[in-house]
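Visitor: What follows is a structure written as structure tokens; I'll ask about it next.
The values are calculated or read from the model by the stated rules, or taken from the named source; none is laboratory data. Just so we're clear, the structure is a prediction, and the values are computed from it rather than from any experiment. Reconstructed Cβ throughout: ideal geometry from the backbone, glycine too, with neighbour counts over all protein chains shown. In case anyone asks, the SASA skips ligands and DNA or RNA and just uses the protein heavy atoms, side chains included. Shrake-Rupley method; radii C 1.70, N 1.55, O 1.52, S 1.80 Å.
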Amino acid sequence: MNNKEKLENAIKNCWDDNESNEFNIDNPVVRLHEPTFNADEIIAFTNQMLTTRVTMGEKVKEFEKKYCNKYSYGHGVSNNSGSSANLLMLSVLTSKLTKDNLKKGDEIILPALTWSTTVWPVIQMGLVPVYVDCDLNTFNMDSNKIEDAISEKTRAIFSVPIYGNPCEMDDILSICKKHNLMLIEDCCESMGAKFKDKYVGSFGRIASFSFYYSHHITTLEGGICVTNDHDLAEMMRIVRAHGWVRQVENREKWTNLYKDFDPKFLFVNDGYNLRITEPQAAMGLLQIDKIDGFIKSRQNNAKKYFAELESLSDFFSFQITTKNAENTHFGFPMILKNDDFFTRNEICEFLNKNGIETRPIIAGNLARQPANDLFEHRVSGKLNNSDHIMDNGFSVGVHQSLSGDAINYVTGKIKEFISLRVK
Ligand SMILES: Cc1ncc(COP(=O)(O)O)c(C=O)c1O
């Protein structure tokens with residue numbers, strides 16, 4: 001056996017030595033998430049380290065290509081998180097080098113119920129977020145409320161499919177068309193989800209995804225922006241790496257414009273360092289092969305939860321998948337309808353005591369978070385549904401490794417709690 005084989009075997013053995021995360025009724029633990037990677041990815045990561053080619057290069061390009069091929073996206077520009085992907089999109093869309101660029105003070109319509117870093121990059125680019133309430137069934141921004149939010153300053157809609165559930169894209173696209181608005185998609189929770197057989201991320205000018213540890217697949221931290229616009233993709237390659245032209249596909253376009261500069265050290269825009277690394281891309285390449293299986297498991301798990309909990313609809317409402325859409329279930333959310341018998345915190349405490357992890361629904365109503373007071377923003381209408389979900393919602397894990405026994409345990413504990421509280 002050569003050293004490489006010995007190393008790979010050692011990694012496999014160490015992985016097998018890990019404490020099992022299989023559900024055990026004698027010591028029940030049901031986490032919100034379990035890793036999507038195993039010894040295969042650790043070996044790929046380690047082997048990439050051993051090549052010493054670690055900073056962004058050919059593996060990253062291969063990873064971007066494979067992700068785009070899988071979902072028929074035109075161009076992919078990966079980076080170091082879903083938050084960075086949002087920052088990169090907004091940064092490029094506001095660049096003076098981008099055609100029809102967004103300008104300081106322009107308003108961007110987005111859902112109040114979302115994650116913080118949907119909103120912060122909007123603010124960071126000098127744009128003004130306009131919060132719209134969500135629909136209580138789908139949890140997505142209510143498309144019937146979008147037109148009321150439009151002002152003379154509105155330039156774009158930032159749509160966010162929440163918890164794997166696609167937005168009503170026909171409505172959103174027709175509003176964009178009618179009012180000449182750009183569509184930007186934050187798909188960080190919704191990899192592989194479809195509306196009318198078209199994948200989320202392919203409806204707008206540009207879209208983001210996250211490969212954070214608890215998402216559908218992971219590169220530990222990581223994200224990607226996708227677009228069919230080659231110029232935007234090239235701009236993202238520039239902004240991702242220092243404002244530098246080094247990693248664009250068509251470097252001559254820029255070096256011919258600025259012949260007096262060293263072509264390797266030409267900066268044409270402001271920028272960041274948002275790069276992902278080669279070992280992460282090496283593990284990501286393996287993860288892409290596993291996405292379909294992971295998504296199937298999440299969908300089957302959500303079905304099992306529904307089947308077991310449907311009878312509790314006097315107490316809870318559940319996320320309803322958008323019509324003509326396929327949901328890829330980021331978590332299993334439940335909203336307590338009222339606190340006549342118990343509160344959200346009481347049931348969560350009971351579940352937590354019994355080894356079942358719970359969490360709030362994303363960041364709740366972002367317009368209520370203290371950070372929001374520091375910045376210019378606008379609220380369109382009332383945000384009652386987002387408040388209701390923030391105050392009464394929680395979710396449990398629906399991840400790829402959840403067993404039928406674990407789901408039965410969770411649903412059994414929910415029913416037990418109700419029988420204790422409702423006489
Ligand atoms: C809607 C949404 N946008 C952006 C992000 C940020 O992704 P990341 O955690 O990879 O930075 C998340 C994270 O879960 C998210 O849910």
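Visitor: Go through region 311-423 and tell me which helices (runs of 4 or more DSSP H), entirely inside it, have 2 or more residues that are under 30 Å from Val128 (Cα atoms).
Guide: Numbers: elements: 344-353, 384-392, 404-421.
Once the helices (runs of 4 or more DSSP H) in region 311-423 are filtered for at least 2 residues that are under 30 Å from Val128 (Cα atoms), what remains is 384-392.
Visitor: Continuing with this model, one more query. With Glu234, Glu185, Glu221 as the choices, which residue is of a type outside the set (Gly, Ala, Ser), closer than 26 Å to Lys61 by Cβ and in a strand (DSSP E or B)? Talk me through it step by step, then tell me what you get.
Guide: Numbers: Glu234 fails: in a strand (DSSP E or B); Glu221 fails: in a strand (DSSP E or B).
Answer to the check: Glu185.
Visitor: For region 94-124, how many residues meet the condition of being within 16 Å of the ligand (Cβ to nearest atom), farther than 18 Å from Gly222 by Cα and open to solvent by less than 30 Å² (accessible area, probe 1.4 Å)?
Guide: Number of matching residues: 10.
Visitor: If the Cβ limit is 7 Å and pairs must be 6+ apart or interchain, which residue in region 340-359 that is touching a residue at least 24 places away in the same chain (Cβ under 8 Å) pairs with which residue that is hydroxyl-bearing (Ser, Thr, Tyr) and buried (at least 18 other Cβ atoms within 10 Å of the Cβ)?
Guide: Cys348/Thr358; Leu351/Thr358; Thr358/Ser395; Arg359/Ser395
Visitor: Taking into account only those residues within region 169-207 that are more than 16 Å from the ligand (Cβ to nearest atom) and in contact with an Asp or Glu (Cβ under 7 Å, 6 or more places away or on another chain), which is least open to solvent (accessible area, probe 1.4 Å)?
Guide: So, considering only residues that are more than 16 Å from the ligand (Cβ to nearest atom) and in contact with an Asp or Glu (Cβ under 7 Å, 6 or more places away or on another chain), the one least open to solvent (accessible area, probe 1.4 Å) is Ile175.
Visitor: Which count do you get for residues in region 58-86 that are within 16 Å of Thr118 (Cα to Cα) and open to solvent by 30 Å² or more (accessible area, probe 1.4 Å)?
Guide: Counting residues in region 58-86 that are within 16 Å of Thr118 (Cα to Cα) and open to solvent by 30 Å² or more (accessible area, probe 1.4 Å) gives 2.
Visitor: Hey, another quick one. Could you pull out the residue among Phe350, Phe330, Phe342, Phe375 that is open to solvent by 20 Å² or more (accessible area, probe 1.4 Å), outside the structural domain of Ser116 (by TED's automatic domain parsing), farther than 29 Å from Lys145 by Cβ and of a type in the set (A, V, I, L, M, F, W, C)?
Guide: Details: Phe330 fails: farther than 29 Å from Lys145 by Cβ; Phe342 fails: open to solvent by 20 Å² or more (accessible area, probe 1.4 Å); Phe375 fails: farther than 29 Å from Lys145 by Cβ.
Every option except Phe350 fails the conditions.
Visitor: Restricting attention to region 76-90, does a residue exist that is under 19 Å from Thr227 (Cβ atoms), away from the ligand (no atom under 13 Å from the Cβ) and not in a loop (DSSP other than H, G, I, E, B)?
Guide: Taking region 76-90 first, the residues under 19 Å from Thr227 (Cβ atoms) are 76-90.
Filter again for away from the ligand (no atom under 13 Å from the Cβ), leaving 76-77.
Imposing the further condition that a residue be not in a loop (DSSP other than H, G, I, E, B) reduces the set to 76-77.
Yes, region 76-90 contains at least one residue that is under 19 Å from Thr227 (Cβ atoms), away from the ligand (no atom under 13 Å from the Cβ) and not in a loop (DSSP other than H, G, I, E, B).
Visitor: Condition check: farther than 22 Å from Gly284 by Cβ, in contact (Cβ under 8 Å) with a residue 24 or more places away in the chain and open to solvent by 40 Å² or more (accessible area, probe 1.4 Å). Does Phe23 satisfy that?
Guide: In short, yes.
Visitor: Still on this structure: For region 147-168: of the residues being buried (at least 17 other Cβ atoms within 10 Å of the Cβ) and among the polar types (S, T, N, Q), which is nearest to Ile123 (Cα to Cα)?
Guide: So, considering only residues that are buried (at least 17 other Cβ atoms within 10 Å of the Cβ) and among the polar types (S, T, N, Q), the one nearest to Ile123 (Cα to Cα) is Thr154.
Visitor: Another question, if that's okay. Condition first: within 12 Å of the ligand (Cβ to nearest atom) and either basic (Lys, Arg) or open to solvent by less than 10 Å² (accessible area, probe 1.4 Å) (or both). Can you find one or more residues in region 125-137 that meet it?
Guide: no
Visitor: Would you check which residues across region 211-235 are more than 8 Å from the ligand (Cβ to nearest atom) and surrounded by fewer than 21 Cβ atoms within 10 Å (Cβ to Cβ) and list them?
Guide: Tyr213, Leu220, Asn228, Asp229, His230, Asp231
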